[in-house]
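Below is one structure; the comments refer to it alone.
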Amino acid sequence: MGIAKDSNRKLIVVFGADWCPDCRALDGIFREPELKALLKENFILFKVDVGRFDKNLSLNEKLGDPIHNGIPALVVIEPTGKILTSTKGGEFSNASKMTKEQVLEYLYRL
């Protein structure tokens, strides 16, 4: 959290797993030049491996159980430490069908 606060950037906690096709798709979208630039300027990305929904569950609980409706799940935290938003509704659980523009639109709203 200190790096995000010191750089005045929001922290995006991304819950996912290497076996998850939608998680891999979101990773790919995050590597697109436009998204990469937006993320670098405004956010700190912190990836959390949930394994087979058996790892890092205490962090998941602490952040309001964002993985309840699927992964990848994002929690965006302001530099002050306050949770700004969470994809508790499974908004990114179909990331393999999402476009770069849809992800950009979500991030621009933050």
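The values are calculated or read from the model by the stated rules, or taken from the named source; none is laboratory data. Remember, predicted model here, so these are calculated numbers, not experimental data. Cβ atoms come from the backbone with ideal geometry, glycine included; neighbour counts cover every protein chain shown. Please note that ligands, DNA and RNA were not included when accessible areas were found on the heavy atoms of the full protein model with its side chains. Shrake-Rupley method; radii C 1.70, N 1.55, O 1.52, S 1.80 Å.
Would you check if Leu35 is touching a Ser or Thr at 6+ places or on another chain (Cβ under 8 Å) and either modelled with pLDDT of 95 or more or not in a loop (DSSP other than H, G, I, E, B) (or both)? So Leu35 fails the test. For region 88-99, taking the residues that are open to solvent by 60 Å² or more (accessible area, probe 1.4 Å) and not in a loop (DSSP other than H, G, I, E, B), the one that is nearest to Val13 (Cα to Cα) is identified as Ser96. Figure legend. Inter-residue proximity from region 17-43: first residues more than 23 Å from Asn69 (Cβ to Cβ), second residues open to solvent by 100 Å² or more (accessible area, probe 1.4 Å) and hydroxyl-bearing (Ser, Thr, Tyr), beta-carbon distance below 9 Å, spacing 6+ or different chains. Indicated pairs: Leu38/Tyr108. Identify all residues within region 8-31 that are of a type in the set (Phe, Trp, Tyr) and open to solvent by 80 Å² or more (accessible area, probe 1.4 Å); write none if there are none. Correct list: Trp19 only. Taking the conditions exactly as written (in contact with a helix residue (DSSP H, G or I) (Cβ under 7 Å, 6 or more places away or on another chain) and at positive phi), does Gly90 satisfy them or not? So Gly90 fits the description; yes. Identify, please: which residue in region 32-87 is among the aromatic types (Phe, Trp, Tyr) and under 12 Å from Val13 (Cα atoms) and is, among those, surrounded by the most Cβ atoms within 10 Å (Cβ to Cβ)? Among those that are among the aromatic types (Phe, Trp, Tyr) and under 12 Å from Val13 (Cα atoms), it is Phe43.
So which residues in region 61-80 are assigned to a loop (DSSP other than H, G, I, E, B) and within 14 Å of Val50 (Cα to Cα), if there are any at all?
Taking region 61-80 first, the residues assigned to a loop (DSSP other than H, G, I, E, B) are 63-65, 70-72, 78-80.
The answer is Leu63, Asp65, Gly70, Ile71, Pro72.
Of everything listed in (1) at pLDDT 95 or above; (2) in contact with a Leu (Cβ under 8 Å, 6 or more places away or on another chain); (3) open to solvent by less than 40 Å² (accessible area, probe 1.4 Å), the single unmet condition for Leu107 is (1). On the stretch given as region 27-66, residues that are closer than 19 Å to Phe92 by Cα and among the basic types (Lys, Arg) total 4.
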